[in-house]
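Written below as structure tokens is the structure these notes are about.
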Amino acid sequence: AQTVTQSQPEMSVQEAETVTLSCTYDTSESDYYLFWYKQPPSRQMILVIRQEAYKQQNATENRFSVNFQKAAKSFSLKISDSQLGDAAMYFCAYSPKYNNNDMRFGAGTRLTVKP
Amino acid sequence: DVKVTQSSRYLVKRTGEKVFLECVQDMDHENMFWYRQDPGLGLRLIYFSYDVKMKEKGDIPEGYSVSREKKERFSLILESASTNQTSMYLCASSPYHQGAPLHFGNGTRLTVT
């Protein structure tokens with residue numbers, strides 16, 4: 001079974017600085033999707049960014065970008081120019097290509113942003 | 001925007017009670033999910049449904065059942081609540097296509113005493 005590991009239970013960053021959250025996964029598949037979700041203190045989980053494994057180019061969404069290393073099975077999230085509103089739990093997730101009913105989540109990283 | 005609505009944000013129930021958690025989505029999504037969220041464990045799938053009256057067990061279905069009588073509504077049932085079911089419960093929905101992200105509700109914090 002696929003597993004997703006987030007090795008950093010907590011991270012902190014100074015406002016306006018850059019932080020990178022780590023994620024590794026285990027799979028025998030060659031094609032799949034990877035996601036980062038954000039869960040602010042209000043609790044509704046929202047999608048931050050999505051990466052398709054067959055695409056070489058790293059996905060970006062404004063201040064959020066990923067470093068996707070397929071061979072290393074690594075999918076880190078970089079947040080640039082951190083803002084107070086970025087404070088949240090961040091979850092990394094994996095989904096097989098042909099079965100989006102089997103999304104697997106990491107344990108999460110709690111990000112604190114210091115003013 | 002997709003809206004996924006969970007009927008309660010906080011619930012307190014007694015051991016042995018039957019508990020219903022309701023979830024409604026307004027985007028005609030085929031897939032609906034119930035997850036349990038516990039610190040250090042991330043999200044674990046309890047059950048999912050890909051169509052009306054269809055359901056599949058996830059990783060931790062024991063002690064739970066589900067019902068999907070209408071496409072927009074997916075209910076999680078705790079037949080006899082126990083203290084180890086105290087947790088955050090998240091409902092989610094998605095369309096049935098490759099790589100579709102999940103859309104989550106606000107969550108229900110259930111405490112069983």
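The values are calculated or read from the model by the stated rules, or taken from the named source; none is laboratory data. Small disclaimer: the values here were computed from a predicted structure and weren't measured. Here the Cβ positions follow ideal geometry from the backbone for every residue, glycine too, while neighbour counts run over all protein chains shown. Just so you know, the surface numbers come from the protein's heavy atoms only, side chains and all, with ligands and any DNA or RNA stripped out. Shrake-Rupley method; radii C 1.70, N 1.55, O 1.52, S 1.80 Å.
Tell me, yes or no, whether segment A:95-109 has at least one residue that is assigned to a strand (DSSP E or B), at pLDDT 95 or above and open to solvent by 30 Å² or more (accessible area, probe 1.4 Å).
no
Looking at (1) of a type in the set (A, V, I, L, M); (2) part of a loop (DSSP other than H, G, I, E, B); (3) exposed (fewer than 14 other Cβ atoms within 10 Å of the Cβ), which is the only condition B:VAL12 fails?
(2)
Assess whether A:LYS55 counts as being among the basic types (Lys, Arg), open to solvent by 70 Å² or more (accessible area, probe 1.4 Å) and at pLDDT below 95.
Spelling it out, A:LYS55 is indeed among the basic types (Lys, Arg), open to solvent by 70 Å² or more (accessible area, probe 1.4 Å) and at pLDDT below 95.
Strands (runs of 3 or more DSSP E) wholly in segment A:1-42 with at least 1 residues that are of a type outside the set (D, E, K, R) and within 12 Å of the chain's Cα centre (by Cα) - which ones?
A:3-5, A:19-21, A:24-26, A:32-39
Being assigned to a loop (DSSP other than H, G, I, E, B) and out of contact with any Lys or Arg (no Cβ under 7 Å at 6 or more places or on another chain) is the filter here; which residues of segment A:46-57 pass it? So that I can check it myself, show each step before the final result.
Going through segment A:46-57, the residues assigned to a loop (DSSP other than H, G, I, E, B) turn out to be A:53-57.
Residues satisfying the conditions are A:TYR54, A:LYS55, A:GLN56, A:GLN57.
Based on what the data block shows, is B:TYR47 within 11 Å of chain A (Cβ to nearest Cβ) and open to solvent by 50 Å² or more (accessible area, probe 1.4 Å)?
Here the answer is no, as B:TYR47 does not meet what is asked.
Failed condition for B:CYS23, given (1) surrounded by fewer than 16 Cβ atoms within 10 Å (Cβ to Cβ); (2) at negative phi, with all others met?
(1)
Sort out which residues of segment A:21-48 are more than 10 Å from chain B (Cβ to nearest Cβ) and open to solvent by 60 Å² or more (accessible area, probe 1.4 Å), and write them in order of number.
A:THR24, A:ASP26, A:SER28, A:GLU29, A:SER30, A:PRO41
Answer yes or no as to whether A:ALA93 is within 14 Å of another protein chain (Cβ to nearest Cβ), under 13 Å from the mean Cα position of the chain (by Cα) and aliphatic (A, V, I, L, M).
Yes.
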